[in-house]
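Scroll down for the structure; my scribbles are underneath it.
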Amino acid sequence: MQPGQIRQYDYEYRRNGTAVNFMFTEPLGSWRKVDVRDTKTMIDWAQEMRLLLDEDYPDAVKVIVICDNLNTHKIGSLYEAFPPQEAKRLRDRLELHYTPKHASWLNVAEIELSLLTRQCLQRRIPDLPTLRQQAQKWYERRNENQKSVDWQFTCEDARIKLKRLYPQI
């Protein structure tokens, strides 16, 4: 340091860890939920499905879930995580659909994740419990305000843009 110079210091980036955000959204109901975990294994996904079925939709006979094509997003994950009778109970209430490779049905969830990132995660968060708390506050506030995604992509638009994916009759 010399007189008249700006004080300088060495900055060292310190990573506080990583986290996985499981995003669930029901666009027509203006509902979403984010669960934060430290891993995204088959067991994590199966546990999230059980929470979704038993806590979020306990009275639903069947819950339709649209997933991306990750190797953990499969019925077999339920059998990895739970005893056979519990896995079957969950499987019987779950209907999985997977997004096509080149046409995403997950855009609504992607929009919600983008909003979560811009509105909640644009700063350093010191630890997993704080991240969980902040994510929960974010989705509860959006749910209370009945914020929804204004989806403009119609079936007619899809038939034009994704013509090669639709059968010709």
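Throughout, read-outs are computed from the coordinates displayed, never taken from laboratory work. Every value quoted in this text rests on a predicted model; they were computed, and no experiment measured them. Please note: Cβ atoms are built from the backbone with ideal geometry, for glycine as well, and neighbour counts cover all protein chains shown.
Data table
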item	result
log₁₀ of I(q)/I(0) at q = 0.14, 0.15, 0.20 Å⁻¹ - the chain, Debye sum with one point per alpha carbon	-0.88, -0.99, -1.43
Estimated distance in nm for a label pair at Arg118 and Lys147, the labels positioned 7 Å out from Cα along Cα-to-Cβ	1.0 nm
Ordering of 22-29, 157-164, 82-89 by packing [mean C-beta count within 10 Å, highest first]	22-29, 82-89, 157-164
GNM flexibility winner over the chain from Arg123, Arg141, Arg132 (Cα, springs under 10 Å)	Arg123
In degrees, nearest ten, helix 42-51 long axis to first principal axis of the chain (Cα)	70 degrees
Dipole of the chain, positive direction: furthest Cα of Gln5, Pro129, Leu52, with charges on the beta-carbon	Gln5
FRET efficiency, 1/(1 + (r/R0)^6) with R0 45 Å, evaluated for Leu162 and Thr130 via beta carbons	0.65
Antiparallel bridges, percent of DSSP beta bridges restricted to the chain (to nearest 5)	60 percent
